[in-house]
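Enquirer: Right, I'll just put the structure down here and ask away after.
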Amino acid sequence: MRTLILGGARSGKSAYAENLVTAGVSGPGAVDYVATGRHDPDDTDWESRIDRHRARRPADWTTVEGDAAEHLRGLDDGRTVLVDDLGTWLTAQIDDAQAWDLPRGSIADRVDDLVDAITRCRGTLVVVSPETGLGVIPETAAGRLFRDELGALNARVAEACDEVALVVAGLPTTLKSASSAAISPAVRTEPAAPQSIPAPVAAAAPAAAPTTVVAGTEARPEPTAGPEAAEFPSITPPDAAVAAQARDRQLLLTKPAGSLGRLEDLSVWVASCQSACPPHDFTRARVVVFAGDHGVARAGVSAYPSEVTGQMVANIVSGGAAVNTIAAVSGAGVRVEDISVETDTAPQVRSHKVCRSSGSIDREDAMTAEQTLAAIAAGRAIADEEVDAGADLLIAGEMGIGNTTPATVLIAALTGTEPVAAVGRGTGVDDAGWMRKTAAIRDALRRARPVLGDPLALLRTSSGADLAAMAGFLAQAAVRRTPVVLDGVVVTASALLAEALAPGAGAWWVAGHRSTEPAHIMALQRLQLEPIIEMDMRLGEGSGALLALPVLRSAIVTLAHMATFESAGVSTEGNTDATRSQATAEPAGDR
């Protein structure tokens, strides 16, 4: 039996491993403790740690300081070996090879030798290793080398072991069990692509401002799209001249300059998007909910099972979801589109379906290259349908169990954030669920990092058909010069990719709210967006953006309908140049 114990610094991983070994030992003197940390007489703190570890081990254990791989190969069947830990082992190997300034892979022969010895080990083996996503590793060349080498080593050892556990605050969570067929290796060399299915063709554009839009039902072949689906024209920015006019008009209104705070900035942004001062209220605000399932949900990253996605699509269609009720009071229509739901949904919401679920991104690609292009094309088509039907404000919402996991992977990858700092509670997972989610995101990040410079490849590898469709939707809205209110972490992750596909698209967006997800805060900072509201929400569906819509409408009506000092006969005495200067600073919309 081979077991890998992972954990961060001071997590209790070593103590847990020692207890595990003690409980399974058949007799005295049957344990070999392979100590990988090397002595350094000049480092008194390090030497004291070694002494503390040695003191808590039973006296009849045999301490081995030497070549771990060689010792494992010579192990008798009846012996038990505890290797603690792979982090200090890896450091020693890099030191010996003087490889800190060399490319990754320079010690591949040593790593291969150790993994082979672990795989062939005939006795009982417990290996302790630091989890790279749960520690502070400096952002230096040496730090990145260590992180990448250790992450790859952990993945290979996890695949070779029968059981894997993650320890946080002394509490273990099983990630891989010898008795559970549901847990499979963290790495697959030949990932299986998600199954594509036929979907119906869209009918004519939806009627004006219904609560929920359903598309047509004619059958069509499997969705396809060429490379042009990801090729966007240059984005025309909002009208800077009109923005200047709006700022000037703010100075004429019966109030101290700047006294309406961000309402004034928002009014300037809307005016520039509409190329009209004063701006007009939105006549057809629309929220489109992109629905899709994610294979990674099977790893226990959500508090709900995947079948809830299809059930919630039906709930939205019938008008019973939060997005429907909030949209009703915010003055917006709702449309739901099944992009990649695993279960069957009503034909009328499948006009742009790409596949049944996206792949489990911790071990396989989310989509094929063809599906990625088809998803982007679907999002672009949905945006075109809405704008052509008269929409003058768009909101992207989402519905999908497990979708905060790919969203967090995308954001962490693009911002260089470690999983432990980016992972939130999503649908409300408990501590064990949070640890499973963190581990899945760690594995997915390992697959995402090699393709960071290629937005299409990153979408294919690490997102999902629903997220890719939202990226196409957000970028195409900017092409069509239509303002967008962004919702939570999933939509904002898609916005990061939309900006990469269509640089400048972000000028057409405002952030509706800031959710409780840590990754959402990071994404907003990356996009330089300040949210309109903050209500501690984490629902999705477009709900936060819809709550911000009345604030945006208020910004419009104040600029458009407030009286001016002249029309109201109000004196402007005291409205000094210094006061006016508060309102003439460049607000850059909501950015």
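Enquirer: I'd like to know which of LEU452, ALA421, GLN371 lies farthest towards the positive end of the charge dipole of region 336-457, counting +1 on Cβ of Lys and Arg and -1 on Cβ of Asp and Glu.
Expert: ALA421
Enquirer: Taking amide H positions as placed 1.01 Å from N in the peptide plane, with prolines and chain starts having none, which residues 5 or more places from ILE533, or on another chain, fall under 5 Å of its amide H?
Expert: Amide H neighbours of ILE533: HIS513, ARG514.
Enquirer: Where does each of 142-151, 242-251, 336-345, 469-478 land if you order them by average Cβ count within 10 Å, highest first?
Expert: The densest-packed peptide leads the list: 469-478, 336-345, 242-251, 142-151.
Enquirer: Could you state the number of Å between the C-alpha centres of region 308-327 and region 67-139?
Expert: Computed from Cα coordinates, the inter-centre distance equals 51 Å.
Enquirer: R0 = 25 Å: FRET efficiency of ARG481 with ARG262, Cβ-based, nearest 0.05?
Expert: Using R0 = 25 Å, I get an efficiency of 0.65.
Enquirer: Which far-off residues, 5 or more places away or on another chain, put their amide H under 5 Å from the one on LYS176, with H placed in the peptide plane?
Expert: Counting only residues 5 or more places away or on other chains, the set is VAL164.
Enquirer: Percentage of Cα-Cα pair distances in region 230-333 greater than 15 Å, rounded to whole percent?
Expert: Percent of Cα pairs beyond 15 Å in region 230-333: 75.
Enquirer: Output wanted: per-residue J couplings in Hz (rounded whole) for region 474-479, from phi through Karplus 6.51 cos²θ - 1.76 cosθ + 1.60, θ = phi - 60°, x for Gly and Pro.
Expert: Working through the residues one at a time gives 5, 5, 5, 4, 5, 4 Hz.
Enquirer: Any lysines with Cα under 18 Å of the LYS176 Cα? List them, leaving off those in the same chain fewer than 8 positions away.
Expert: LYS13, LYS437
Enquirer: Distance in nm between label sites at HIS561 and ASP431, each 7 Å beyond Cα in the beta-carbon direction?
Expert: Spacing of the two 7 Å Cα→Cβ label points: 5.3 nm.
Enquirer: Sticking with this one: If amide H atoms are built 1.01 Å from N in the plane of the peptide, which residues on other chains or at least 5 residues away come under 5 Å of the amide H of THR343?
Expert: The list, which skips near neighbours in sequence, is GLY310.
Enquirer: GLU231 to GLN528: extension gain in nm, 0.36 nm per residue of separation minus the Cα-Cα distance?
Expert: 104.5 nm is the gain from fully extending GLU231 to GLN528.
Enquirer: Something else now. Assuming R0 = 45 Å, can you tell me the calculated FRET efficiency for the pair VAL329 and GLU139, based on Cβ-Cβ distance, to the nearest 0.05?
Expert: The computed FRET efficiency comes out at 0.45.
Enquirer: Further question: So between GLN98 and HIS39, what do we pick up on full extension, going 0.36 nm a residue minus the alpha carbon distance?
Expert: 19.4 nm is the gain from fully extending GLN98 to HIS39.
Each reported figure results from applying straightforward, stated rules to the coordinates on display, with no laboratory input. Model, not experiment: these values are computed from the prediction. As a convention, Cβ positions derive from the backbone with ideal geometry for all residues, glycine included, and neighbour counts pool all protein chains shown.
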